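Just so it is clear, none of the values below were taken in a lab; they were calculated from the coordinates. Just so you know, these numbers come straight off a predicted model, no measurement behind them. Note that we place each Cβ from the backbone using ideal geometry, even for glycine, and neighbour counts take in every protein chain shown.
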Amino acid sequence: MTFIQDLRREYMELIDADPEKNRRGALALKDNMERSPLYYHDRFVSKTLQIPRLYSESDVEAFREIVSTSYQIFEKVIREYLSHEDYRALFPFSKELEELILLPRGYDEVLPMARFDIFYHEDTGKFYYCEINTDGTSGMNEDRLHDELNLDNPAHQEMRRRHHFRTFELFDSWVRTFTDLYRTYERRVEHPNIAIVDFLDTCTLREFQEFARHFQRAGYDCEICDIRELRYENGSLISASGHVIDAIYRRAVTTDIIAHKEEVQPFLNAVRNGACFMAGAFCTQIIHHKYLFHVLHLPRTMQFLTESEQEFVREHIPYTCPFSREYISREEVLLRKDRYILKPDDSYDSNGVYAGVEYSQEEWNNLVDRVYENGYICQEYVPQYATENIDFAFGDGKWHKYITMAGLFVYCGEFAGVFSRAAEGGGIITPHRNKRAQATYVVS
């Protein structure tokens with residue numbers, strides 16, 4: 001049994017020794033969640049479990065190595081796309097999006113922020129990629145708030161008396177990363193006005209407010225802007241409040257921008273004309289798009305990867321292909337449903353994702369017929385790692401197996417922390433259906 005497995009066993013023993021005390025603590029935690037940003041638009045947006053996610057220092061070192069190798073590969077892919085027309089042809093981007101991707105950035109970094117979502121097997125160290133988020137990467141505030149709410153968790157408080165716990169700091173570290181990157185920008189100014197930009201009616205606003213507070217504490221003017229309300233006048237991008245924007249922290253995902261392009265023309269014109277710094281530039285879409293996993297396995301990509309990087313792709317990136325007759329037969333996917341997962345080629349929050357293991361054969365047949373040749377990818381369904389946990393606040397208060405996912409935050413190629421999610425049973429972790437978020441701790 002590993003050190004982390006021993007720790008979870010300690011939690012379980014504490015909970016089983018006094019389940020009523022832990023139930024009362026969980027209900028108090030739930031009451032406090034209802035008064036927090038985790039309760040939004042009259043619903044809980046981030047439910048949790050009684051045992052938080054635990055990692056050892058050796059796990060952290062493993063995450064650093066995963067991030068380092070992954071980032072090297074992804075950076076090569078982006079630069080290959082920017083430099084070679086034949087490589088660009090492998091991606092399904094429109095001409096309009098390709099032109100945005102190819103725009104000059106004014107700085108060298110190509111992937112300022114990302115979250116690498118992996119299925120990490122804590123007992124063996126094996127891992128498999130799920131997906132990659134770049135523009136719109138979130139979860140920092142959920143991690144912070146779940147840590148604070150664990151003050152109501154009696155088993156966790158007892159464990160803190162027995163062991164040393166530390167968390168990942170995800171806000172000031174991003175402010176430092178962002179401002180250090182800004183200092184390399186060709187048209188930097190001494191005291192930049194910073195804007196966090198998104199579609200504010202669908203965004204994680206409380207997270208933006210937390211980031212804005214940290215920018216302001218570091219001495220920077222920072223405001224939160226709806227991307228549709230920006231103006232482009234006399235060569236400057238102007239916020240709705242009338243301030244010139246010198247630097248953008250972009251949280252609006254590329255697909256939403258393209259879908260609402262007529263409403264965001266001032267923003268797009270400012271980007272096209274290099275009116276201000278933006279992290280991240282549209283080249284991050286190369287990595288964000290789910291087609292990436294297909295391209296990674298192609299011989300054209302293997303040409304510019306080292307042998308160790310090629311092996312990394314083969315071992316950790318699930319085989320992926322467009323869900324069309326050119327690449328895979330409908331019959332293959334129908335007959336081996338538990339082997340495959342189907343995803344829209346460019347979406348987020350698990351929207352429209354279907355894992356064969358979750359459906360009856362008849363249901364799967366209907367799904368396959370609906371999405372075959374219809375903008376989907378087909379991906380190998382990789383082994384999940386599950387741990388026992390209990391949910392007194394939102395579940396039945398009994399022990400169940402929960403599949404887990406580790407989202408590795410990456411700031412300019414450096415590992416920054418983990419966003420931990422789980423879901424009861426198998427299949428996939430889906431927001432608003434079965435997702436549980438957990439505070440993440442490194443324990444020694």
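Observations, loosely collected:
- Label point distance in nm, Leu205-His121, each placed 7 Å from Cα along Cα→Cβ: 4.4
- Over all other residues within a Cβ to Cβ distance under 11 Å of Cys203, the charged ones net out to -3, with Lys and Arg as +1 and Asp and Glu as -1.
- Residue exposure proxy: Glu307, Glu142, Glu148, ordered by other Cβ atoms within 10 angstrom of their Cβ from fewest to most, comes out as Glu307, Glu148, Glu142.
- Helix-only mean residue ellipticity at 222 nm for the chain, each DSSP H run of n ≥ 4 adding -39500 (n - 2.57), per residue, nearest 500: -11000 deg cm²/dmol
- Counted over all Cα-Cα pairs of segment 168-207, pairs farther apart than 17 Å make up 47 percent.
- All Cα pairs of segment 133-217, percent lying beyond 22 Å: 43
- Order of Trp174, Trp364 - criterion: other Cβ atoms within 10 Å of each residue's Cβ, fewest first: Trp364, Trp174
- Length released on extending from Arg300 to Asp396, taking residue separation times 0.36 nm less the Cα-Cα span: 29.5 nm
- Here the Kirkwood formula, the inverse mean of 1/r across different C-alpha pairs, assigns segment 319-381 a hydrodynamic radius of 11.4 Å.
- Cβ-defined net charge surrounding Asn32, 9 Å radius [Lys, Arg +1; Asp, Glu -1]: -2
- Between segment 1-25 and segment 86-114, the Cα center-to-center distance that results, in Å: 48
- Ranked for footprinting exposure by Cβ neighbours inside 10 Å, fewest first, Cys283, Cys321 give Cys321, Cys283.
- Take the Cα of His84, step 7 Å toward its Cβ, do the same at Asn269, and the gap between the two points is 3.8 nm.
- Positive contributions from Lys and Arg (+1) and negative ones from Asp and Glu (-1), summed over other residues with Cβ under 15 Å from the Cβ of Arg23, come out at -3.
- Top positive-direction residue, dipole computed over the chain with Cβ charges, set Ile78, Gly139, Ala279: Gly139
- When each of Lys76/Lys435; Lys30/Lys401; Lys126/Lys401; Lys30/Lys126; Lys290/Lys398 is checked by Cα-Cα distance, pairs over 26 Å: Lys76/Lys435; Lys30/Lys126; Lys290/Lys398
- Mean projected area (nm²) of the alpha-carbon convex hull when the chain is viewed from all directions: 21.9
- Straightening the chain between Ala17 and Asp31 buys 2.7 nm, computed as 0.36 nm per residue apart minus the Cα-Cα spacing.
- Whole-angstrom gap from segment 230-250 to segment 134-177, using each part's C-alpha centre: 33
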